[in-house]
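Have a look at the structure below, then the notes.
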Amino acid sequence: MDFDTILNEVGSFGLYQKVVICFVLLPAALPCAFHAYSQLFIAATPKHWCRVPELDPWTTDYMPLVKNLSIPFILKNGEFQYSECEMYKRNYTEIVRYLEHRAPMDLVFGRVKSIEDPTGAPIVKCTHGWKYDKSMYPVTVASEWNLVCDQDFYITMALVLFGVAGLIGNYIFGYLQDIWGRRPSFYFYLIVEIIACASSAFTWNFFFWLSLRFVVGLTVPAVLASPYVLAIEMVGPDRRVFCTIASNIAYSIGLVLLAAIVYVVRDWRLLSLAVSLPLLFLFSCLSILPESPRWLIAVGQYRRAAKILKTIGKVNGKKMPKDYVIRIQKHLSRNEAYTSYFDAERTYGITDLFKTPNLRAKTLIITFIWFANTSVYVGLSYYAPALGGDEIWNFFLAGAVELPTYLVLWPGMQYFGRRWVLCLSMIIGGTACIMTFMFQDDTNVMLILYCIGKMGISSGFVVLPLLASELYPTVVRGLGMSFSSVIAMIGPIVIPLINHTGEHWIVLPLIIMGVLLTVGGFASLWLPETRGQNLPQTLEEGEAVPIQNMIRCFYKKNIENDKSEVPKGAKVVCSLCQNDIKNLRQK
């Protein structure tokens, strides 16, 4: 009797699991979406131009006139715009004396022909700072500390370091999750995230703010991953799709809500508080969130696992015998599937993911696909403001287009499995991104292809974590998923540089991301199907699942020839085939 059989006895998707999912899994996804992308608005670079101190009194009422007198035009993105980093070198004191004697209506309509045409004047870099357009954002990190022009690389550096932090945080979190357990590691990262993000609102210089954002970056992926892993370990195989869909719906809603919050709260300090303080309510779920009984069994804590299973059964309305804890504890402690080949004192590391051929191949393929998905998802989300128009509306649209995909994914994963849905989603999304080069002059078609690409990558992001969690064995599940996501976090580090290439050719970033996504889609065909299968527990069970066929254990062929005993050299028979083997021996 494996864990999924025990879970069916106490209820594999009853009231207990629904409470955990509704009050922990879904709320945890919302703020993670806030923190992952709020930096795009907190450190947004508003439109700006050189400040001319002599003309300051005139900027409020006569801004067009001031710009025409002091700022040259440059060609940018195919159109002429006011320069953001250069100004005319002129005698502005004399210009002000002339303006003081002009009628207001002359100034409004720019009737100042007596002033020499500035076109022939020398052009110099801004020498007295900048003026900022405050129509979108009253103040941001970039405008408060003048991180523009020669200093604009600091904003890109902040995004890169945020990605580096996510990479490091995922790596550390993988060990904490498998050593401490799902519950304590989740709340540890949660409190760190709240303190760091809220504190960043009170910083007085850029580098202090940057250090706190680095700490936030350490925690964002982990806060979302722990409840997700816990949820899929507490439900039966037929409900893992629901957990995955629910988690991603919550994340997409979080993106939409972030756009709504930014629409209301534009000041970067207030915005930092608005996206961090809501996390406090998750601590009200401290008594609700249990430790994963599947993980407890994997590390040999059978009595504690039995107590949680009994609680699950009671909440789910099952009649539980008084000696249930003792009976299950004894059963688990003598179950060969958990004790014969697992040392409770052993610490698992990354090398365990590469020791055996099947697990090594799965790890490499999952990691590459995860890298492709993360890179493209983050890249397209960052790319939304480049579509033109209102930045907040574009970001809202980028999040909203994800939601309809779940209506198709839910039945798709249930009936067609994980592998083909993942493959088709990535290929469709990648093809849409690549096709943008054919319609780069048509804004509407570009927008449609962008939305298709965003829907495709969003679908891939739904399927991949579920598929990975069903392929990695329990003893290294947290470590394996963290390793894959750690490598994938290299994507957000290089994505700002890739998007930067769009300044010269606007569709180049989309083409690069489309090719990467398409290659990842074809690579997913090498992974085995996991629909309706039990989760592998030990490394041996994970290795017993062939890379091309998830249904048949490679020991099964030998057992069909000899129904009386396990063949020599077979150290373990995976739990996926135990029922089939039992039926064979009864014939």
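The values are calculated or read from the model by the stated rules, or taken from the named source; none is laboratory data. Quick caveat, the model's predicted, so the values are computed rather than measured. Positions of Cβ are generated from backbone atoms using ideal geometry, with glycine treated the same way; all protein chains shown enter the neighbour counts. In case anyone asks, the SASA skips ligands and DNA or RNA and just uses the protein heavy atoms, side chains included. Shrake-Rupley method; radii C 1.70, N 1.55, O 1.52, S 1.80 Å.
For this structure, a couple of remarks:
- Put simply, when 253-261, 284-292 are sorted by average Cβ atoms within 10 angstrom per residue, most first, you get 253-261, 284-292.
- Extending 7 Å from Cα along the Cβ direction at E144 and again at F354 yields two label points whose distance is 4.3 nm.
- Cα gyration tensor shape for the stretch 239-289, rounded if a/c is under 1.5, else prolate or oblate: oblate
- Each semi-axis of the equivalent ellipsoid for the stretch 391-525 is √(5λ) with λ an eigenvalue of the Cα gyration tensor; in descending order they amount to 27, 18, 13 Å.
- Label zone (L15, point 7 Å along Cα-to-C-beta; backbone nitrogen cut-off 15 Å) within the stretch 303-334: 311-320.
- Couplings 3J(HN,Hα) for the stretch 50-58, derived from phi with the Karplus relation 6.51 cos²θ - 1.76 cosθ + 1.60 (θ = phi - 60°), are 5, 8, 10, x, 5, 9, 3, x, 9 Hz, where x marks Gly and Pro.
- Charge dipole of the stretch 404-503 about the Cα centre (unit charges at C-beta), most positive-ward option of G453, V476, I428: V476
- Projected label points at L280 and N91, each 7 Å from Cα along the beta carbon direction, are separated by 6.1 nanometres.
- Accessible surface of L309 - all protein chains present, 1.4 Å probe, nearest 10 Å²: 0 Å²
- When a 1.4 Å probe is rolled over the protein heavy atoms, the share of accessible surface on the stretch 2-91 that falls to carbon and sulfur comes to 56 percent.
- Residue-by-residue Karplus 3J(HN,Hα) for the stretch 129-134, coefficients 6.51, -1.76, 1.60, Hz, glycine and proline x: x, 9, 9, 10, 6, 9
- By average C-beta atoms within 10 angstrom, highest first, the peptides 89-98, 135-144: 135-144, 89-98
- Converting phi to 3J(HN,Hα) with the Karplus coefficients 6.51, -1.76 and 1.60 and the offset θ = phi - 60°, the stretch 455-471 yields 5, x, 5, 5, 5, x, 5, 6, 6, 4, x, 5, 4, 5, 5, 8, 9 Hz in sequence order, with x at every glycine or proline.
- Measure of compaction for the stretch 204-331 (Cα Rg per 2.2 N^0.38 Å): 1.44
- Rg/Rh ratio calculated on Cα atoms of the stretch 18-103 (Kirkwood radius): 1.36
- You can think of it this way: the chain between K314 and I191 has 41.2 nm of extra reach, that is 0.36 nm per residue less the Cα-Cα gap.
- Dimensionless Rg/Rh of the stretch 182-276 - Kirkwood Rh, Rg from C-alpha atoms: 1.06
- Listed pairs K18/K330; K18/K310; K18/K318; K18/K319 exceeding 27 Å between Cα atoms: K18/K330
- Per-peptide average of other Cβ atoms within 10 Å, ordering 515-523, 262-270, 458-466 highest first: 458-466, 515-523, 262-270
- Charge dipole (debye, nearest 20) of the stretch 359-513; +1 at Cβ of Lys and Arg, -1 at Cβ of Asp and Glu: 820 debye
- Extension gain, E100 to A400, is 102.8 nm, computed as 0.36 nm per intervening residue step minus the present C-alpha separation.
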